[in-house]
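Derivation of every value follows stated rules applied to the coordinates shown; laboratory data play no part. Because the structure is a prediction, the values reported are computed rather than measured. Methodologically, a virtual Cβ is constructed for each residue, glycine included, from the backbone with ideal geometry; neighbour enumeration extends over all protein chains shown.
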Amino acid sequence: DRELEISCKSSTGYLLLVQANFFECGGVAIGLNISHKIIDAYTLCKFINSWAAISLGSANTDHVVPPVEFGAAASLFPPLDFLNSPQPSIDFVKENCITRRYVFDASKIAALKSKVASAAVPNPTRVEVVSALIWKCVMEASRSNSNFARPSVWCQFVNMRKILPQAPGENLLGNLVGYSVAKTEEREVEHDVKSLVSKLRKGLEEFKEKYGNGISREDVFQQCIELSKLVGKVDIDTYCSTSWCRFPFYEADFGWGKPSWMSIPSTVEIKNIISLVDVSDGIGIEVRLTLEDEDMAIIESNQEMLAYASLNPSVV
């Protein structure tokens, strides 16, 4: 279960590094380190599946690997004149953090969805219920360690390709990511998963309403400014979540079969990061949760969390 380490060269300016690991048992693990300046999770998945299709020697690679629209994003969002405008800088707080891997299997997610369905959200998604449960547990941990309840913000990164009317097709590559926001107030001391699901859904609907008719380069710039302000506030607990669920990473076949396990690397220096990705059955969810040491110590013994998630189960 020990994580593979990517080469130290990954921090010296390379846009892409690939590391192949071969095991005595015959297994193979491929690690990728790629710059977020040029790619998001959607683009990464496209890259991996196209690479795999080419490796297989597909008879029709033009169909498997469609033409890439490299310039489309720039046409949608022409560059700003940064020399005459303040440049956004999202400074994630670096703390003594620890990352844990939790897995929610299909049956537990189904039970959780059934439990938290409400008139406001009768059909909660897998990501919503898992995110809401984690949010509840991390808020409880923060309150226990600080002895008071701080306002809490959940930033959910969103694939803008599903939102924008002007997005020119599925082959738009690069970074096309926004984020929705859900908040709790200081006066809100107690929370249940059901109410947090409603907050997450409301935040996403407000995001779609705001940007569903289009987004400008100034909007993108302003989003970066607002996120940097949120992350920098010491009187608010801000959690940033990314979901790679439903991206077909498990379809990548390089010639030795589809992968048995795919995971997102840990971000051990940046606190309050939550990453979600499908497990191999496409129904369960694996979570990488990075928190400060003190908060994680409480999470690890949280019985509600452990009722639905397994801590670092075997990957085989």
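Tabulated results
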{"quantity": "Pairs from 113/271; 229/271; 37/183; 162/210; 37/136 whose Cα-Cα separation, in the structure shown, is over 21 Å", "calculated": "113/271; 37/183; 37/136"}
{"quantity": "Cβ crowding within 10 Å averaged over residues, with 36-44, 253-261, 140-148 ranked highest first", "calculated": "36-44, 140-148, 253-261"}
{"quantity": "Length gained when the stretch residue 210-residue 30 is fully extended (0.36 nm per residue, less Cα-Cα span)", "calculated": "60.9 nm"}
{"quantity": "Length-normalised contact order for the stretch 114-268 - Cα pairs under 8 Å, 6+ apart - percent", "calculated": "29 percent"}
{"quantity": "Residue-span extension gain [residue 217 to residue 175] - 0.36 nm each, minus C-alpha spacing", "calculated": "13.8 nm"}
